[in-house]
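Take a look at the structure set out below.
The values are calculated or read from the model by the stated rules, or taken from the named source; none is laboratory data. Only a predicted model underlies this, so the values are computations on that prediction, with no experimental measurement involved. Note: ideal-geometry Cβ built from the backbone for every residue, glycine included; neighbour counts use all protein chains shown. We work out accessible area using only protein heavy atoms, side chains counted, and drop any ligands, DNA or RNA first. Shrake-Rupley method; radii C 1.70, N 1.55, O 1.52, S 1.80 Å.
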Amino acid sequence: MIRNTSITIDEAAQLAKCSYHTIHRAIKRGDLAAYKPGKTVLILEADLNTWFESKRIRAVKAGRPRRTIEIRER
């Protein structure tokens, strides 16, 4: 039935190297899909990977600042 491996919030936090609360907040915000077939909340590993990839930091080009500030004398 379920081909993808399901893991608990604690296991997801260990895999992502973050806290239980970080995973729980992501679930509450709707950023991370979770399932509750009984008493335990389960996360599919594919959903965890997708969420983790969405947190990637993109490199920013160094160079000119985006805005310039004009200083006017009174």
### Query
Taking the Cα centre of the chain as the origin, how large is its charge dipole in debye, to the nearest 20, when only Lys and Arg (+1) and Asp and Glu (-1) carry charge on their Cβ atoms?
540 debye
#### Entry: Added length on full extension, which subtracts the Cα-Cα distance from 0.36 nm per residue, A59 to K39
3.1 nm
### Query
Carbon and sulfur atoms: what percent of the 1.4 Å accessible area of the chain do they account for?
50 percent
### Message
So, taking all protein chains as they sit and a 1.4 Å probe, how much accessible area belongs to S6, in Å² rounded to tens?
### Response
50 Å²
## Note on the structure
So the number of lysine pairs in the chain with alpha-carbon atoms under 23 angstrom apart, 8 or more residues apart or on different chains, is 6
### Whole-Hz couplings from phi, Karplus 6.51/-1.76/1.60, listed for segment 13-21; x for Gly and Pro
5, 5, 5, 7, 6, 9, 7, 4, 5
### Query
Hey, what's the chain come to in accessible area per residue, 1.4 Å probe, Å²?
96 Å²
### Query
When the helix-only estimate is applied to the chain (DSSP H runs of n ≥ 4, each -39,500 (n - 2.57), divided by the residue count), what is the mean residue ellipticity at 222 nm, nearest 500 deg cm²/dmol?
-11000 deg cm²/dmol
